[in-house]
Amino acid sequence: MKKILRTLLILILVILAIDRGFVYLFHSAIFSKTLSGESGGSVNYLLQRKKDAGLIIMGSSRAKHHIDPVRLYANAEKIKYNAGINGTGGLIYNSRLLHLLLEKNIKPSTLILQLDAHPYFTADDDRGLTELAQLYPFISESRSLRSFVKNEAGLAEQIKLFFHSYRFNGKLLNILYNYRKRHSVGDENGFIPLEGILKDSLVQPLSMASPMPAFPENKIAALQDVLTVCAKENIQLIIVFPPSYHNVIHHPGGTSALINIIRKTGRARIIDFSDIESIPELNQSKYWRDATHLNADGAGLFSDSLNARLAGL
Amino acid sequence: MLFNSIVFLVFFSIFFFLFYYMNGTWRKWLLLLASCIFYMWFIPVYVLILFLTIGIDYFAAIKIEDDKTDKAKRFHLWFGIINTCLVLFIFKYHNFFIDNFNALGLTHIENWDIILPIGLSFHTFQSLSYVVEVYRGNIKAERSLLTYSNFVMMFPQLVAGPIERANNMLPQLRTCDHTISYRDFSIGFHRFFWGLFKKVVVADTASVFVDATYNNYMLHPGSMLLVGTALFAVQIYCDFSGYSDMAIGIARMLGFRFRENFAIPYFSKDITEFWRRWHISLSSWLRDYLYISFGGNRYGQWKTYRNLMLTMLLGGLWHGASWNFVIWGGINGLYLSIEKMTNLPAWKPKFLISKLMRVAYVFILICLTWVFFRAVTFEQATGIIGKIFTGFNASGFQFLDVNVFSSIVIGIVTLLAFEYVVFRNLTFDQLFDSKKGQWKLMAMTIFFFMMMLFFGNSTGNQFIYFQF
């Protein structure tokens, strides 16, 4: 038994030494200099180069590729940034990102938060860990993130996070790739337009649960957190529901249920474009890359419509 | 309880410490208790089903041995077989047959609302082989219910095999007072991490792409479905052989030896060889208890083909109560029959290029069968095959998530490198015994661990074969 325990101890020590040493070098020499990409690079860009951003847009790919901050003239802020993120930009991610920004003394006067009632809002993603993991590279810099992981992520996740390498799980190659491009980052406002035109034959409505299933408690808590923090920090919060082609993911009942929750729990302006009929000209395939993502032309039209609504607020 | 979970790590650490310092009967009770806890982690009450099959076959085997006449022996053999299969039928196949009878208009019975007990097919087959071996006189009936219970329930192989044989396991379990050597522990430990690497880094990351393409196959071009199918071939291999590696590794850490279950099957040069290397414990079970019982190759060519087809059809049905699995078995049976007819396995390729072509031939044909294995319905399977051949659209290929796809590529390249360079030539025992072998194994485990931290999909996915 002694020999077994000794071997295990050596193994653990060697792993820890490699883990700590590698992550220290990787973080300081590569990650902190990576200023683009979805594995923390765009957040680095925001933290390092957009400290004075007065308007920040948060949300999923339907924020990242839909809202061009430059076209939002109605907002007087000079520095605007789109911090949407593909795939995992749900409420848990966004509430923690907001805390991270505030901890780094980045306080926008306006926050535009993109939301969808279905399916992203209801999608089960293992206690929001998939969303949370996007911010793990910043865990040592954010007390709020550490405390959230401690209280919400579960023991297994905490044990994994004991190894610092886990912060970069699934992100290593992406960071290395984006590190190479660090001197040519031209993505100043965070908006990335999509190319391509949707083929109508590929459009299929997603299956909608009717009535709408209950919203996950952790996501409602994250929404309430965003509402509370914005109210406390005096940040104007505008929540936007974008449309989908032929309403493929539009769930009227779900959207109104979510709007009711927002109205009950806090102060926020709501701009509801979830029904495509609210911007009927967008209901043409030439404006869409796929059924849920606008292409560059569509995003321009959508951003203009959003700007018009902002002007009316 | 999953091998790839933190709960299991805690469970096994406590268990190992106690097991190490106990001996004889105490060890046996501890092993049984741990196996019960392990199994009851899923659905506690189902442990009673396990005890029922244990009771049936324990009793049947003793009666077979004690009976004086062949007729009585045969009666107790069938008593064991029928009752054990009945449990399997009730939980696994009842709804399948009812659905089919209802569809034919023969009955109008409602389905039973039951969940399949995890790993039922595995321990059923293990119990059946024991009864048959006692009947054939190859082994003695086990008189200790505790030892026999451990043979069926031993937790490393309880839910997804390898399907162990009584002649291998019972002698190891009878005394249970062996010393756990550093060598056994070390080899088992490193084997476990090799399996964990396969599961977490390769299988679970590949599953992200496979699930995305298969679950919405109508939205994706044939090129993505083709890649999805090839990745499923990798996923199922790493998921299942990874589980087997972990099971074999855990058993070895405890001083037990399980049989090998996989032998680098995708390097096979014909389908016959593939089936000798894939899920060895099942394919040898099917050969010994079905194929040979049907007559094997003793009654001429056509009956040999018939027996092969029947064996593989039943092998398909063993995997799941669905026509897709039957078709999967049928296609494999057809491959084996054609190879037997053409005597392909006798043509050994001599040059590297011809060897590679034969490996590609096996991979492509096996991938075709995996479509039926992975698809949920027959329509989905035929839809996917149709799209691969008629709607390929290479320009429509998307990685979906570049991070995930690059992790998949890194995982597969690492897997191939280790399988081809290391494990094709050396076993873990040979590696351990080689010069500085312990350090080589330790370096490998550290590498696998770091790969898991950086590239693994750590969502704790279940193993595919748990459903069987």
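Keeping to the stretch A:260-278, report how many residues are open to solvent by less than 50 Å² (accessible area, probe 1.4 Å) and in a strand (DSSP E or B).
Final tally of qualifying residues: 2.
Which of the residues belonging to the stretch A:53-108 are acidic (Asp, Glu) and closer than 15 Å to A:ILE239 by Cβ?
Our first condition is that a residue be acidic (Asp, Glu); within the stretch A:53-108, this holds for A:68, A:77, A:103.
Within the stretch A:53-108, none qualify.
Scan the stretch B:318-357 for residues that are open to solvent by 20 Å² or more (accessible area, probe 1.4 Å), in contact (Cβ under 8 Å) with a residue 60 or more places away in the chain and closer than 30 Å to B:ILE98 by Cα and jot them down.
B:ALA321, B:SER322
Restricting attention to the stretch B:206-222, and to residues there that are of a type in the set (A, V, I, L, M) and surrounded by fewer than 21 Cβ atoms within 10 Å (Cβ to Cβ), which single residue is farthest from the other protein chains (Cβ to nearest Cβ)?
Applying the first criterion (of a type in the set (A, V, I, L, M)) to the stretch B:206-222 yields B:206, B:208, B:210, B:212, B:218-219.
Of the ones still in play, those that are also surrounded by fewer than 21 Cβ atoms within 10 Å (Cβ to Cβ) are B:212, B:218-219.
Details: B:ALA212: 11, B:MET218: 6, B:LEU219: 6 Å.
Once the filter is applied, the top-ranked residue is B:ALA212.
Condition (residue is free of Cβ contacts under 8 Å to residues at least 60 places away in the same chain, farther than 24 Å from A:SER95 by Cα and surrounded by 17 or more Cβ atoms within 10 Å (Cβ to Cβ)) applied to the stretch A:231-244: is it met by at least one residue?
Yes, the stretch A:231-244 contains at least one residue that is free of Cβ contacts under 8 Å to residues at least 60 places away in the same chain, farther than 24 Å from A:SER95 by Cα and surrounded by 17 or more Cβ atoms within 10 Å (Cβ to Cβ).
Could you check B:PHE197 against (1) more than 13 Å from chain A (Cβ to nearest Cβ); (2) surrounded by fewer than 23 Cβ atoms within 10 Å (Cβ to Cβ); (3) within 19 Å of B:ASN4 (Cα to Cα) and say which number it fails?
(2) is the only condition that B:PHE197 fails.
What do you reckon, is B:PHE449 within 9 Å of chain A (Cβ to nearest Cβ) and modelled with pLDDT of 90 or more? Give the steps one after another, and end with the answer.
Numbers: within 9 Å of chain A (Cβ to nearest Cβ): yes; modelled with pLDDT of 90 or more: yes.
Answer is yes for this residue.
Need the failing condition index for B:LYS68 against (1) surrounded by 17 or more Cβ atoms within 10 Å (Cβ to Cβ); (2) more than 14 Å from every other protein chain (Cβ to nearest Cβ), just the number.
Unmet for B:LYS68, out of (1) surrounded by 17 or more Cβ atoms within 10 Å (Cβ to Cβ); (2) more than 14 Å from every other protein chain (Cβ to nearest Cβ): (1).
In the stretch B:9-40, what count of residues is obtained for those that are free of Cβ contacts under 8 Å to residues at least 12 places away in the same chain and within 13 Å of chain A (Cβ to nearest Cβ)? Walk me through how you get there before you give the answer.
The first filter runs over the stretch B:9-40 and keeps only residues free of Cβ contacts under 8 Å to residues at least 12 places away in the same chain, leaving B:9-10, B:13-14, B:17, B:21-22, B:26, B:33, B:40.
Narrowing further to those that are within 13 Å of chain A (Cβ to nearest Cβ): B:9-10, B:13, B:17, B:21-22.
Summing the residues that are free of Cβ contacts under 8 Å to residues at least 12 places away in the same chain and within 13 Å of chain A (Cβ to nearest Cβ) in the stretch B:9-40 gives 6.
Please work out if B:PHE392 is surrounded by fewer than 17 Cβ atoms within 10 Å (Cβ to Cβ), away from every other protein chain (no Cβ under 14 Å) and touching a Gly at 6+ places or on another chain (Cβ under 6 Å).
On the way: surrounded by fewer than 17 Cβ atoms within 10 Å (Cβ to Cβ): yes; away from every other protein chain (no Cβ under 14 Å): yes; touching a Gly at 6+ places or on another chain (Cβ under 6 Å): yes.
Yes; evaluated as a whole, the condition is true for this residue.
Within the stretch A:26-54, take every residue that is of a type in the set (A, V, I, L, M) and farther than 12 Å from A:ASN178 by Cα and give me the one that is surrounded by the most Cβ atoms within 10 Å (Cβ to Cβ). Give the steps one after another, and end with the answer.
To start, the set of residues in the stretch A:26-54 that are of a type in the set (A, V, I, L, M) comprises A:29-30, A:35, A:43, A:46-47, A:53.
Okay, now just the ones that are also farther than 12 Å from A:ASN178 by Cα, so A:29, A:43, A:46-47, A:53.
Values: A:ALA29: 10, A:VAL43: 21, A:LEU46: 22, A:LEU47: 18, A:ALA53: 25.
Here the answer is A:ALA53.
Considering only residues that are open to solvent by 10 Å² or more (accessible area, probe 1.4 Å) and more than 14 Å from chain A (Cβ to nearest Cβ), which ones fall in the stretch B:150-190?
Selection gives B:ARG165, B:ASN167, B:ASN168, B:PRO171, B:GLN172, B:ARG174, B:THR175, B:ASP177, B:HIS178.
Going by what's in this entry, would B:SER5 be described as in contact with a helix residue (DSSP H, G or I) (Cβ under 9 Å, 6 or more places away or on another chain) and within 11 Å of chain A (Cβ to nearest Cβ)? Outline the logic, then answer.
Values: in contact with a helix residue (DSSP H, G or I) (Cβ under 9 Å, 6 or more places away or on another chain): yes; within 11 Å of chain A (Cβ to nearest Cβ): yes.
For B:SER5, the condition - in contact with a helix residue (DSSP H, G or I) (Cβ under 9 Å, 6 or more places away or on another chain) and within 11 Å of chain A (Cβ to nearest Cβ) - is met.
For B:THR107, indicate whether it is on the phi < 0 side of the Ramachandran plot, open to solvent by less than 70 Å² (accessible area, probe 1.4 Å), out of contact with any Asp or Glu (no Cβ under 7 Å at 6 or more places or on another chain) and not in a helix (DSSP H, G or I).
Working: on the phi < 0 side of the Ramachandran plot: yes; open to solvent by less than 70 Å² (accessible area, probe 1.4 Å): yes; out of contact with any Asp or Glu (no Cβ under 7 Å at 6 or more places or on another chain): yes; not in a helix (DSSP H, G or I): yes.
When the stated conditions are applied, B:THR107 passes them.
Looking at B:LEU231, B:LEU254, B:LEU225, can you tell me which residue is closer than 30 Å to B:PHE432 by Cβ and buried (at least 20 other Cβ atoms within 10 Å of the Cβ)?
The match here is B:LEU254.
Name every residue in the stretch B:358-389 that is surrounded by 14 or more Cβ atoms within 10 Å (Cβ to Cβ) and aliphatic (A, V, I, L, M), in order of residue number.
Hits for the stretch B:358-389 are B:VAL359, B:VAL362, B:LEU365, B:ILE366, B:LEU368, B:VAL371, B:ALA375, B:ALA381, B:ILE384, B:ILE385, B:ILE388.
Any residue at all in the stretch B:117-138 that is outside any helix (DSSP H, G or I) and open to solvent by less than 20 Å² (accessible area, probe 1.4 Å)? Break it down into steps so the answer makes sense when it comes.
Here is the first cut: in the stretch B:117-138, the ones outside any helix (DSSP H, G or I) are B:117-119, B:137-138.
Next, from what is left, pick out any that are open to solvent by less than 20 Å² (accessible area, probe 1.4 Å): B:117, B:119.
Looking for residues that are outside any helix (DSSP H, G or I) and open to solvent by less than 20 Å² (accessible area, probe 1.4 Å), one finds at least one in the stretch B:117-138, hence yes.
I'd like to know if the stretch A:27-45 contains one or more residues that are touching a His at 6+ places or on another chain (Cβ under 7 Å) and among the small types (Gly, Ala, Ser).
Kept after step one, since they are touching a His at 6+ places or on another chain (Cβ under 7 Å), are these residues of the stretch A:27-45: none.
No, every residue in the stretch A:27-45 fails to be touching a His at 6+ places or on another chain (Cβ under 7 Å) and among the small types (Gly, Ala, Ser).
The values are calculated or read from the model by the stated rules, or taken from the named source; none is laboratory data. The shown structure was predicted, so the numbers you read here are calculated from the model rather than taken from an experiment. All Cβ positions, glycine included, derive from the backbone under ideal geometry; neighbour counts span all protein chains shown. What goes into the accessible areas is simple: the full protein's heavy atoms, side chains included, and nothing from ligands, DNA or RNA. Shrake-Rupley method; radii C 1.70, N 1.55, O 1.52, S 1.80 Å.
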